[in-house]
Each structure stands twice: as structure tokens, then as C-alpha cells.
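Notes follow once the structure below has been shown.
The values are calculated or read from the model by the stated rules, or taken from the named source; none is laboratory data. Predicted model, so just to flag it, every value in this text is computed and none were measured. Cβ atoms come from the backbone with ideal geometry, glycine included; neighbour counts cover every protein chain shown. These accessible areas exclude ligands, DNA and RNA; they are computed on the full protein's heavy atoms, side chains included. Shrake-Rupley method; radii C 1.70, N 1.55, O 1.52, S 1.80 Å.
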Amino acid sequence: MRKLIASGSRFEPEIGFSRAVRVGPFLAVSGTAPIAPDGSVASPGDLYGQTKRCLEIIAKAIGEGGLTMDSVIRTRVMLTDISRWKEAAKAHGEAFGKIRPASTFVEVKGLIDRGWLVEIEADCVADSERLLDSHK
């Protein structure tokens, strides 16, 4: 069974993607940008604030997919200025400090909107702890 999760972003129909897709126990969250509820750039110039906004959008998509942030097993954080990574890492650590997914921080040349300083992807597995226990 395939469940598509939309966020209402104007980019979803234009590009042809879903905010997240769940197939069985797996849920993948697309690159998530710091878009404010009104469609503008959230927290302009504030990498920490933008990262928090991305994580809020991701958490909502994960919840709509029937999972929680505890199910996140991997994140990818794309930054337009890697020298500021600690600002994004602070927000990431607040969200995932106890969960500790595999994670990658990379610098990219640019994102769709020049005001976006960060974009984040996340991969999840439902009942990941129970699945791990069954393979011991």
C-alpha cells in the first residue's frame, strides 16, 4: 500500500512530488524547505530558525504518515553555507538528540529559493525498535 502525504506546498503539483510517501513500514520525507504557512520564507537569514521550521514541517508529514519522529533513521541536511553548520546542528540536535539517526550535512550551491539556507530530507521505518529486536 502506498500513501502519499501532501503539505500543500505550491511546488508539489508543479514538480510532481509528495511531501512524504509511505510504503509499508517505510516513510520517506522529501527535501523540506523553510516555508512559512503563508508561503513566504520562514525566518529570513536565520539558519537556526529555518532549520526548526523544516523540522516542524517534517514532523507534521511524519505524523500524517502514522509515525513519530522516533521512527527517523536518517536525515540529510543541505546547507547553502557549510561554515554555518553549527546553527543547523543545534536545531537538529534539539529534535534528534535522543533519537540519533544517521545524518549527513552537506553544502549545496543553491536551493530553489535564494532565501532558503537549508533543506532537509528524512527517512523513517515504522516500529524500527521492534524490527531491530526481531533480528537479534
- Item | Alpha-carbon radius of gyration plus Dmax, which is the widest Cα pair, for the chain in Å | 14.7, 47
- Message: Can you give me the % of accessible surface on segment 1-103 that is carbon or sulfur? Probe 1.4 Å, all protein chains present, nothing else counted.
- Response: 57
- Query: I112 to M1: FRET efficiency via 1/(1 + (r/R0)^6), r the Cβ-Cβ distance, R0 30 Å, to the nearest 0.05?
  - Reply: 0.45
- At a probe radius of 1.4 Å, what is the per-residue accessible area of W85, in Å² to the nearest 10? 110
- Query: Between the helical axis of 47-64 and the dominant principal axis of the chain, each derived from Cα atoms, what acute angle in degrees is found, rounded to the nearest 10?
  - Reply: 30
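Protein chains only, probe 1.4 Å: how do T104, T75, T68 rank by accessible area, largest first? List each step's numbers first, then the result.
Details: T104 50, T75 0, T68 80 Å².
Largest to smallest exposure gives the sequence T68, T104, T75.
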- Note on the structure: Ignoring ligands and nucleic acids, C54 exposes an accessible area, probe 1.4 Å, in Å² to the nearest 10, of 0
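When the helices in the chain are scored as -39500 (n - 2.57) per DSSP H run of 4 or longer and the sum is shared across all residues, what 222 nm value do you end up with, to the nearest 500 deg cm²/dmol? Walk me through the intermediate numbers first.
Values: 4 runs with 42 residues, N = 136.
Rounded to the nearest 500, the figure is -9000 deg cm²/dmol.
Given a 1.4 angstrom probe, what's the average accessible area per residue across segment 1-91, in square angstrom?
Details: 4700 Å² over 91 residues.
Ligands and nucleic acids excluded, the result is 52 Å² per residue.
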- Task: Would you calculate the separation in nanometres between label points at R10 and I82, each defined as 7 Å from the Cα along the Cα-to-beta-carbon direction?
- Result: 3.3
- Query: Where does helix 85-96 land angle-wise versus the long Cα axis of the chain, in degrees 0 to 90, nearest 10?
  - Reply: 30
- Sort out for me the Cα centre separation of segment 41-89 from segment 1-31, rounded to whole Å. 16
